[in-house]
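Below you'll find the structure, written out as structure tokens, and then a few comments.
The values are calculated or read from the model by the stated rules, or taken from the named source; none is laboratory data. Everything numeric in this text was worked out from a predicted model, so none of it was measured. Virtual Cβ from ideal backbone geometry, glycine too; neighbours counted across all protein chains shown. When the accessible area is computed, the model is the full protein with side chains, heavy atoms only, and any ligands, DNA or RNA have been set aside. Shrake-Rupley method; radii C 1.70, N 1.55, O 1.52, S 1.80 Å.
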Amino acid sequence: MPRDHPAALTERSARSVAGPPEAGSEGSFRAAFSSARRLRTEVLAGLVVAVALIPEAIAFSIIAGVDPRIGLFAAFTMAVTISFVGGRPAMISAATGAVALVVAPVVRDHGLDHLVATVILGGILQVVLGLLGVARLMRFIPRSVMVGFVNALAILILTSQVPHLVGVPWAVYPLVAAGIALIVLFPRLTRVVPAPLVAIVLLTLVTVGASLAVPTVGDEGALPDSLPTLFLPDVPPTLDTLRIIAPYALAMALVGLIESMLTAKLVDDITDSRSNKTRESWGQGVANVVTGLFGGMGGCAMIGQTMINVKVSGARTRLSTFLAGAFLLVLVVGLGDVVAIIPMAALVAVMIMVSVGTFDWHSVRPSTLRRMPLSETAVMLATVAVTVATHNLAYGVVVGVVVAAVLFVRRVAHLTTVTRLDADEAAGEAAGDPGERVYAVVGELFFASSNDLVYQFDYARDPGRVVIDLTEAHVWDASTVAALDAVQHKYAEHGTTVEFRGLNADSARRLERLAGRLGAGH
């Protein structure tokens with residue numbers, strides 16, 4: 001069909017209105033087997049992610065104060081479960097630092113059984129929140145917060161590698177440099193095999209062949225030698241137990257959902273497709289319940305590993321997520337001795353390049369900063385600052401949204417104007433009614449913009465009838481109705497009647513329902 005054919009134009013217009021396609025069948029398990037090339041990409045991506053998950057899961061276990069096996073098993077159960085129930089194909093979920101920080105006090109003060117109970121309850125809360133439509137709140141996260149979120153994530157990924165570069169043998173530095181060079185240059189030769197996997201394999205061979213004494217994955221913690229088993233927490237089913245675990249479970253649920261929803265949106269942008277955020281929300285809950293039942297520490301979407309899977313390796317289907325978990329279990333249980341000799345320098349090189357690729361460099365170019373409104377830059381910087389300071393992406397997003405809301409309210413409030421249409425008696429006579437004064441109110445009237453409304457009128461000198469024209473205004477809340485009540489009351493004290501004219505249907509209903517019923521203090 002020609003590009004300018006009417007049907008083709010209509011189809012393109014429909015796609016434009018509908019937005020990017022939903023990642024449904026294109027991200028399914030079946031789609032992974034659509035071609036040999038796609039299958040190879042998904043399998044190799046899952047292998048790379050599995051290797052990268054191992055030190056991360058161990059590190060997060062240490063943060064939470066539990067045995068490394070608990071973090072590794074959580075990574076396995078989260079990844080495998082979310083590959084079936086999640087709403088965003090190719091996204092990686094596993095044990096994360098954000099969740100580890102939330103649940104660490106439970107382990108410290110009450111032990112492992114209370115941790116598992118917390119994870120299960122947190123998963124149940126995520127299912128409930130997902131079914132209640134909490135994913136729809138994503139629309140209230142501005143672009144500047146998303147940019148700050150991405151940049152903060154890149155900074156956190158980079159800074160998390162610093163401990164592996166301080167106080168280490170000198171051989172670590174050339175190994176990291178070589179790993180970075182391989183990741184950058186190898187794709188120019190071929191993209192059949194992911195460059196990070198090549199870097200990991202070659203650096204491991206060099207380290208073993210040259211007998212280099214450098215930190216390895218095995219130095220991070222003991223790897224498990226058996227499969228995970230069903231684990232039911234030994235906690236009394238009482239209100240006291242609920243009082244202990246409920247606050248942490250709710251915090252875990254909210255932190256996990258925020259991080260997962262933002263990661264899903266980021267992957268949507270990269271793949272130019274839409275995902276089912278509601279399904280992802282309750283899917284995360286199901287994955288956490290399953291993880292808890294196997295004694296895991298819980299988790300959520302992992303942005304760094306997701307970027308390796310989607311952006312670096314090119315994965316697009318659920319198979320890569322499933323294989324990331326499956327390969328992880330095989331590697332740590334069946335090939336633990338081999339995995340243990342992988343030099344940490346290789347994984348550091350991979351994560352450094354993930355950090356560089358994740359950062360939105362366009363957002364900090366001088367030309368971009370000059371064009372961007374100062375308020376947008378402030379929101380982005382606030383999100384980055386809080387996230388980096390707290391090492392918690394959820395805190396940064398919440399602060400960013402609050403700052404964005406405050407700055408938006410301040411900006412919109414200044415757009416409201418009150419203009420006297422008949423500026424003097426002559427104008428009033430020309431209008432045919434010298435005993436009437438007309439004011440035009442323009443703008444959005446809400447708590448911030450209507451606070452000063454009462455001071456915009458000349459109560460003492462206006463004639464006996466005043467018309468307030470609200471044709472170009474909208475009444476949004478009770479604060480505005482209270483302000484209009486106050487204006488009417490002040491005019492009444494001077495014997496002046498007030499007519500509100502030009503109200504749209506929504507404003508008229510709000511005024512009719514609330515006017516004169518808000519109490520003496522309005």
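The residues on offer are 389, 385, 394, and the sole one that is within 21 Å of residue 99 (Cα to Cα), exposed (fewer than 13 other Cβ atoms within 10 Å of the Cβ) and not polar (S, T, N, Q) is 389. Of all the listed residues (426, 405, 430, 413), the sole one being of a type in the set (A, V, I, L, M, F, W, C), at pLDDT below 90 and under 30 Å from residue 252 (Cβ atoms) is 405. Restricted to the range 431-468, and to residues that are among the charged types (D, E, K, R) and open to solvent by 30 Å² or more (accessible area, probe 1.4 Å), which residue is nearest to residue 492 (Cα to Cα)? For the range 431-468, the residue satisfying everything is 465. The residue that is nearest to residue 449 (Cα to Cα), counting only those in the range 469-481 that are in a helix (DSSP H, G or I) and open to solvent by less than 10 Å² (accessible area, probe 1.4 Å), is 480. Out of everything in the range 187-216 that is surrounded by fewer than 17 Cβ atoms within 10 Å (Cβ to Cβ) and among the polar types (S, T, N, Q), what residue ends up being farthest from residue 348 (Cα to Cα)? Checked the range 187-216; the qualifying residue farthest from residue 348 (Cα to Cα) is 190. Can you give me the number of residues within the range 482-522 that are assigned to a helix (DSSP H, G or I) and either in contact (Cβ under 8 Å) with a residue 40 or more places away in the chain or of a type in the set (S, T, N, Q) (or both)? Of the residues in the range 482-522, 3 are assigned to a helix (DSSP H, G or I) and either in contact (Cβ under 8 Å) with a residue 40 or more places away in the chain or of a type in the set (S, T, N, Q) (or both). Of all residues in the range 52-74, none satisfies the criterion of being surrounded by fewer than 24 Cβ atoms within 10 Å (Cβ to Cβ) and over 18 Å from residue 101 (Cα atoms). For residue 190, the test of being over 30 Å from residue 365 (Cβ atoms) and at pLDDT below 90 is passed. Considering only the range 102-119, I want to know if a residue exists there that is surrounded by 24 or more Cβ atoms within 10 Å (Cβ to Cβ) and under 30 Å from residue 215 (Cα atoms). Among the residues of the range 102-119, at least one is surrounded by 24 or more Cβ atoms within 10 Å (Cβ to Cβ) and under 30 Å from residue 215 (Cα atoms), which makes the answer yes.
Residues in the range 12-51 that are out of contact with any helix residue (DSSP H, G or I) (no Cβ under 8 Å at 6 or more places or on another chain) and hydrophobic (A, V, I, L, M, F, W, C) were compared, and the one that is modelled with the highest pLDDT is 36. Residues that are modelled with pLDDT of 90 or more, hydroxyl-bearing (Ser, Thr, Tyr) and open to solvent by less than 60 Å² (accessible area, probe 1.4 Å) do occur in the range 280-296, at least one of them.
Taking the range 248-280, which residues are more than 21 Å from residue 125 (Cβ to Cβ), assigned to a helix (DSSP H, G or I) and not β-branched (Val, Ile, Thr)? Result: 265, 266, 268, 269.
Of all residues in the range 183-201, those satisfying the criterion of being free of Cβ contacts under 8 Å to residues at least 24 places away in the same chain and closer than 23 Å to residue 54 by Cβ are 186, 198, 201. Across the range 297-353, the number of residues qualifying as open to solvent by 10 Å² or more (accessible area, probe 1.4 Å), assigned to a helix (DSSP H, G or I) and hydroxyl-bearing (Ser, Thr, Tyr) comes to 0. Within the range 213-247, the set of residues being in contact with a helix residue (DSSP H, G or I) (Cβ under 9 Å, 6 or more places away or on another chain) and in a helix (DSSP H, G or I) comprises 217, 218, 219, 220, 241, 242, 244, 245, 246. Of all residues in the range 164-186, those being open to solvent by less than 30 Å² (accessible area, probe 1.4 Å) and not aliphatic (A, V, I, L, M) number 1. Taking the conditions (1) closer than 30 Å to residue 213 by Cβ; (2) among the small types (Gly, Ala, Ser); (3) open to solvent by 10 Å² or more (accessible area, probe 1.4 Å) in turn, residue 357 satisfies each one other than (1). Scanning the range 299-326 for residues being under 18 Å from the mean Cα position of the chain (by Cα) and more than 19 Å from residue 154 (Cα to Cα) gives a total of 1.
Tell me yes or no: at least one residue of the range 55-73 is closer than 25 Å to residue 285 by Cβ, of a type in the set (Asp, Glu) and assigned to a helix (DSSP H, G or I). Yes, because at least one residue in the range 55-73 is closer than 25 Å to residue 285 by Cβ, of a type in the set (Asp, Glu) and assigned to a helix (DSSP H, G or I).
Would you be able to say whether some residue in the range 219-242 is touching a residue at least 12 places away in the same chain (Cβ under 8 Å), under 28 Å from the mean Cα position of the chain (by Cα) and surrounded by 17 or more Cβ atoms within 10 Å (Cβ to Cβ)? Checked the range 219-242: no residue is touching a residue at least 12 places away in the same chain (Cβ under 8 Å), under 28 Å from the mean Cα position of the chain (by Cα) and surrounded by 17 or more Cβ atoms within 10 Å (Cβ to Cβ).
Number of residues in the range 218-235 that are modelled with pLDDT of 85 or more and either touching a strand residue (DSSP E or B) at 6+ places or on another chain (Cβ under 9 Å) or among the acidic types (Asp, Glu) (or both): the value is 2.
Scanning the range 48-74 for residues that are of a type outside the set (S, T, N, Q) and over 15 Å from residue 339 (Cα atoms) yields 59, 60, 62, 63, 64, 65, 66, 67, 70, 71, 73, 74.
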